Each structure stands twice: as structure tokens, then as C-alpha cells.
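One structure below.
Values quoted throughout were computed directly from the atomic coordinates according to the rules given, and no laboratory measurement underlies them. The shown structure was predicted, so the numbers you read here are calculated from the model rather than taken from an experiment. Here Cβ is always computed from backbone atoms with ideal geometry, including for glycine, and neighbour counts include all displayed protein chains.
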């Protein structure tokens, strides 16, 4: 009986406690709730394109949020934009929400919404758009016609230096400007660039923003070694190559070459031209009947080398042309007696019209000895090829072409650099084929595909670059550059090595991966003031250009 009374009393107390309303929990700090509003095209060619995403930052209490959309898209095209159907999204703090839900909006109108924050407070805001003309007003490229001199542009000082001893008292010039900008006076009219030179005013498409450049004959100072930290600039990128008809597929071989003001992208039998300064697509590359379905590269003088694919016992050939306008002529040939395929990657150091070294990887499957062929060119004449067997690289190169080797210089006694899948490392190999130094896989690069390498001399430094693509969407998609002037710094991993001097932005695949094919190319300008790094990746539909300089500022 006593136990029953106790249980009844306890239940009564619990019932009283259950009737008590809990205190409302209010966060001690309430953020503004809405941070950014973004818009993308909901229809058309650039529907949901991740690069065609236009964002407005939101300040506390801001009622009217305006999203600026370029007048043209892409900005270097003549495609005028419409903002009547834009997919709008928001970046919100946790536990905040917007009513009604965002979606496809007409940004020519004011679209009103209510933001409810974590503390329950509400505020109204509207989202609208503005088609904005560009305020960019840079000279991207400046070159005189006769004599042909590429100007060195310093956008910090708004100067362009014409480095020459030639008479520039009456010369014409060609320029490339920011998209839809104008220039005055007309550089196509002869002008005197001696002494103080000429001042040019560049006016942006908006008609308001202006920039004045001084162009004259002079020699700007250089730093003592390598490229200047802080000068690295991604000058352009195209991550929608598929929209140009350049579509990845099994068996495609991606490679790059640079000659004059053109960049060439090869996918094997098909080749495409781009403006090196702007990235503008110039169309297909006419090979004038020459069949070269293998890899491609360019030498220090801008000569382009084209290879064909050669299975065992087939004829392997490399053709050369001084420019994209010239018909390629046979440079060397070799009956493939290696027992494996070759031609998917070729590399060159030097000038094939003088002294150079051309290398071609022999593609064997995992477990076989790593080998490459080397042609030493002297006075424009190739010697018989030499087979180099690599010792100290533990895996064989597979038959899909995921390997590349590049000479240090045109001296056959100098070392070589190689990268291949699936070792995913950068190797330094001496002239006998022995591995002397190695930079291991990056921390997040185990699922990547290191299959291309390039080497460039710039301002007393020697640089090697690799690009890591992937067979999977979760690999790394970056270009790395290393200073390999001092070999003993080639230690550690790609992302931690003391020789690492640069890593690019990353563009990941937008969809399923198909073929882990890519290439990396470095070029130094003839005047020695600038270096470019280009890379391409089949899976990311990417073609990207970076620029570095050695101007002492």
C-alpha cells in the first residue's frame, strides 16, 4: 500500500513538471542571414554554366539587391544577354529561409521575398538585375609591325616597353584590347616611339572608365633570378571546350604547341587554333594534307612538331613547321622496332632548325622497363635515335599514352624529367637513364594521372611543370611548377616540395570522366621578360593560360 501511494505521488509531481512550458532558446549572436544572391542563365547555350554565375554580395539590412550581368556573354563575344529568365540562388546562414522559394526569375523586374532569420525576425528584400557594360580597359597585347616587336606591358605603371635598338621614329602597331574597348589615337597610324613615346587612351565599353598607357622604346629592369613573386596571373581560361566542338572521347590525345601569337590544341587527328593573348577561338588548324594523329609540341623558336601514332614495325614520323601557316615537312622518321606503340607524346628542347633534342616515350604496360627514344639534332640534322632505359622508376608506362619525358636542354649530357601514371611523381633522370631525384605524389593526388611534363628556361632559372588530371572525378586537376635549377630541392611531395613555386587554380569535371588526357606547355618570350604556362585537360574541357614576368618593380 505504501509503495502504491509513493508511485502515485511521483506521477503527480512528474505531471506538474510536464505542464511547465520550456524557455524559448534565442541564439546569443544572430548573423545577417542572407550573404549573397547569384543568378545563372536558365535557358540557352550557357544554361546553368558554372562560369556564367553572377553574384551580388548582400550587406546587413540591404533591401534592394541588384545582380550585375555582363552586356555580352561570353564577354569577348557579340552575344547580347537577356535577363528575363535567370535561375536565382542564395547563400544563407544556418536555419534561415526565404519565402517564397527562389527559382527562375525575370530580373528586369523587382522580385520581392521575405527572409526569416534564426531568431524568427523577418525582413523583406527584392532581387533585380542590371545588364552592365564592361569597365575593363586594358591593352592585352601591343606589337609593332615593322620591325616586329612585342611590347612588354606593365599594368601597374600603365607603361609598354618596346625593347629594341631599331629606329622606331615612324612605325605602325597592332593591339588587342579588353573586350569591346576602344583606343585613341589609332596605333595603326605611324607614330614616333622614340624618346617619350606615345600616350594611348583606352576607353572601356561603358564609355566612362579609361586608362592611359605610355608606349616607348626602353629596356625595363629585371630581377636577378626567375619570375617575380606576385606576377603570376591567370590571363584567360576556357572550361567549355565542348561548346566549340572539342569533345572528349576514348582514344583522344590532347597536346599543345605555341607559335607566334597562336596556341594550337590537338586532340589527335583534329587540331584547333586559339589566340595566345586572349584565348579567342580561331577555328581549325589546316594541316595541308599532312596526316599526324599523334602528339604535338613546339620548340624554343616556335617551330611546331607533329607526330603520328606508330604501332610496332610501323613508320614513326615527326613533322615540323615554322608557323601554323606553313606546310609541315618531315623532320625525322623511324621504323618502330621497340615492340610497343609510340607517338602519343613527343617533347623537344632547343631549336630544331639548329640544335635540339626530341624525345618520344615507348608505351609499355605496367611491369615493363621504362624506355624512351632520343634524337639529338645538330645544325638542323637529326642523328640516329638512341634508346634510353630508365632505372629507379618502379612502374612501367601503360599503353594508353599516360607518360611523358622532357629534356633539360639541348645538351644530350644534361638530365631529363619524366612523369607517368600510375607512379604519379616527377622524376629527374640523368643522361644514362638513372633516376637521381624524385618529387612524390601530392597529398591529394593519389587518384590523379600525372602524364605530361614540360621544361622551360627563364631569367637564369630552370622550371619544370606537370599537370595532374584524373581517371576519376575526385582526383586533383591542377598544374604544378617547380624550380629544378638546384636538383637537391627535388624532395617531398608535389604540394610540399621545397622546389614547388606555383600551383594553378583547379577546374573539376562538370560530368563523368572519359579519357584522362592532357598536356602542359611553358614558353618564354623572345625578349626574356615574360613566361607563359598553358595546360589542357580532356575531362574538364579546360584550356588555361597563366603569365609570369621578371620585371623589377
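A compact table of results
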| item | result |
| --- | --- |
| Approximate spin-label separation residue 330-residue 231, in nm, with each point projected 7 Å along Cα-to-Cβ | 4.3 |
| Distance (nanometres) between label positions extended 7 Å along Cα→Cβ at residue 510 and residue 82 | 2.0 |
| Relative packing of 57-65, 33-41, which averages over residues the other C-beta atoms within 10 Å, highest first | 33-41, 57-65 |
| Theoretical gain in end-to-end length, residue 206 to residue 97 [0.36 nm per residue, Cα-Cα removed] | 35.6 nm |
| Label point distance in nm, residue 214-residue 322, each placed 7 Å from Cα along Cα→Cβ | 3.8 |
| Expected 222 nm ellipticity per residue - DSSP helices of 4 or more, -39500 (n - 2.57), all of the chain, to 500 | -1000 deg cm²/dmol |
| Fraction of the pair-distance distribution of region 206-333 above 25 Å, Cα-Cα pairs, percent | 42 |
| Region 117-186 and region 469-497: distance between their alpha carbon centers, rounded to Å | 33 |
| Förster-model FRET efficiency, 30 Å R0, residue 249 and residue 411, C-beta, rounded to 0.05 | 0.15 |
| Estimated FRET transfer efficiency when R0 is 25 angstrom, pair residue 122-residue 66 (beta carbons, to 0.05) | 0.70 |
| Relative contact order, percent, the chain [alpha-carbon distance under 8 Å, six or more residues apart] | 9 |
| Structure-derived percent of Cα pairs over 37 Å apart: which label, when the choices are [x] 40; [y] 43; [z] 35 | [y] |
| Within the chain, percent of DSSP bridges classed antiparallel, to nearest 5 | 90 |
| On Cα atoms only, tilt of 2-18 relative to the major axis of the chain in degrees | 60 |
